[in-house]
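The values are calculated or read from the model by the stated rules, or taken from the named source; none is laboratory data. Since we're looking at a predicted model, the values are computed, not measured. Using ideal geometry, Cβ is built from the backbone for each residue, glycine included, and neighbour counts are taken over all protein chains shown.
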Amino acid sequence: MKPFVAAIFVLVSAGAAASAAEPMDFAAYTPRATAVRISHDEAPKIDGDLSDPVWAKAVPITEFYQVEPVEGAAPSQATRAYILYDDKAIYVGLYLYDTDPERIARDQLVLLTDGANTAGEVDPIKAAELARQVGLRIYTIGIGAEQMEVASLIGGRRPINPSADLDEDTLTEIARLTGGRYFRATDTASLQDIYKLVDELEPVEEPESGFRPVKSYYFVPLGMAVALVILLSLTSLLQRLLLNRIREVPLSAG
């Protein structure tokens, strides 16, 4: 049976991450991450809290880059990830920093999995019922190819089903209970199409922008200024003419 992937997310309000001078070239970049093995007895509790001592064994993963809107650029918000695993599950912990967490939508969740639930203290259906009570809508995505060929021990190749452990019934029920939808992704292209569809189903609300008709009245003060300049010029000219006339008139003796 495939290992269960458990993710713990912690949202933290913080300053924006610094931008890199040059975007990363993904064609020449090889991402690296370290997963630390632990015993099953040390497994962290899946409760959204990364204070369990076992997380101190994990190696922080902080090197992330944008895919959109600027491919390869440094992220506008910082992220720290941790990966642990044992014989039964893979545990992923994330600190997701945001400068304005109050604007993050809290009523949608995308659940991505390639297997069945094999760990955790809460039954998935029970968790879905709790999510419905708080108004959380869950979109579930089952990933994995329908069939692929691998090398056989006796030579040649044999077909296998990588999605044999995918519990589509449970994923469908989780989506139904919460008002979401279940999607099936068999490759990267179909997964990208699903994310685009989810974005269309759950558009991000933007602040309404008002429109005010604009009519220019700059010519009114401009015309007044021009008229004032002409008036002052005429006044100055008349004063000079009057002074010249007075000088030309001979004074009579009494």
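Before moving on, here are some points about what is shown:
- Breaking point among (1) at pLDDT below 85; (2) not in a loop (DSSP other than H, G, I, E, B), for A20: (2)
- Some residue of region 145-162 being at pLDDT 75 or above and surrounded by 15 or more Cβ atoms within 10 Å (Cβ to Cβ): no
- Restricted to region 29-134, the set of strands (runs of 3 or more DSSP E) holding at least 2 residues that are closer than 30 Å to D169 by Cβ and in the same structural domain as A185 (by TED's automatic domain parsing) comprises 108-113.
- Qualifying residue in region 26-33 (condition: in contact (Cβ under 8 Å) with a residue 12 or more places away in the chain and in contact with a strand residue (DSSP E or B) (Cβ under 7 Å, 6 or more places away or on another chain)): yes
- Residue match in region 170-184 (condition: at pLDDT 85 or above, surrounded by 11 or more Cβ atoms within 10 Å (Cβ to Cβ) and acidic (D, E)): yes
- Qualifying residue in region 190-210 (condition: outside the structural domain of A89 (by TED's automatic domain parsing), surrounded by 13 or more Cβ atoms within 10 Å (Cβ to Cβ), closer than 26 Å to K88 by Cβ and at pLDDT 70 or above): yes
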